[in-house]
1. Please go through segment 24-38 and pick out each residue that is surrounded by 13 or more Cβ atoms within 10 Å (Cβ to Cβ) and more than 11 Å from the chain's Cα centre (by Cα).
2. Among the listed residues W17, W21, W60, identify the single one that is modelled with pLDDT under 90, part of a helix (DSSP H, G or I), surrounded by 13 or more Cβ atoms within 10 Å (Cβ to Cβ) and hydrophobic (A, V, I, L, M, F, W, C).
3. Can you find, within segment 29-49, the residue that is nearest to Y62 (Cα to Cα) among those that are without any contact (Cβ under 8 Å) to a residue 24 or more places away in the chain, in a helix (DSSP H, G or I) and of a type outside the set (A, V, I, L, M, F, W, C)?
4. Looking at E41, E87, can you tell me which residue is on the phi < 0 side of the Ramachandran plot, modelled with pLDDT of 90 or more and of a type in the set (D, E)?
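The values are calculated or read from the model by the stated rules, or taken from the named source; none is laboratory data. Since the structure is predicted, the reported quantities are computational estimates derived from the model, not experimental observations. With ideal geometry, Cβ positions are generated from the backbone for all residues, glycine too; neighbour counts draw on all protein chains shown.
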Amino acid sequence: MKPGDAREPLPAWGEAWFKAWLVLLPIVVWASHALITNQWERTWNIVHPDEPGMPPAKLWWYAAMVGTGFSAVYLGVARLFRGNKSE
């Protein structure tokens, strides 16, 4: 491959570190849900000290949006910064 030749672009999901992110994605979503649920329970116990409360199911949407947002950022970064693949 000569310096002036254009190389064929790789798909962004072909990058090794992006594949690693896809493996870590479920852990990030689970941890985001655990953190927001913990915060919701702490806030509920301060505002309603005598009432037991169940976290709403909508907190999973927060975790899903965190996972989607991080994936979008990493996909953009993977498209910008690709490793130099030589033949």
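1. H33, L35, I36, T37
2. Step by step, each of W17, W21, W60 is checked, and only W21 is modelled with pLDDT under 90, part of a helix (DSSP H, G or I), surrounded by 13 or more Cβ atoms within 10 Å (Cβ to Cβ) and hydrophobic (A, V, I, L, M, F, W, C).
3. Of the residues in segment 29-49, the ones without any contact (Cβ under 8 Å) to a residue 24 or more places away in the chain are 31, 34-35, 37-49.
Those left that are additionally in a helix (DSSP H, G or I): 31, 34-35, 37-47.
Those left that are additionally of a type outside the set (A, V, I, L, M, F, W, C): 37-39, 41-43, 45.
Details: T37: 10, N38: 13, Q39: 13, E41: 15, R42: 17, T43: 17, N45: 21 Å.
Per the criteria, the residue is T37.
4. On the way: E87 fails: modelled with pLDDT of 90 or more.
Going through E41, E87 in turn, just one is on the phi < 0 side of the Ramachandran plot, modelled with pLDDT of 90 or more and of a type in the set (D, E): E41.
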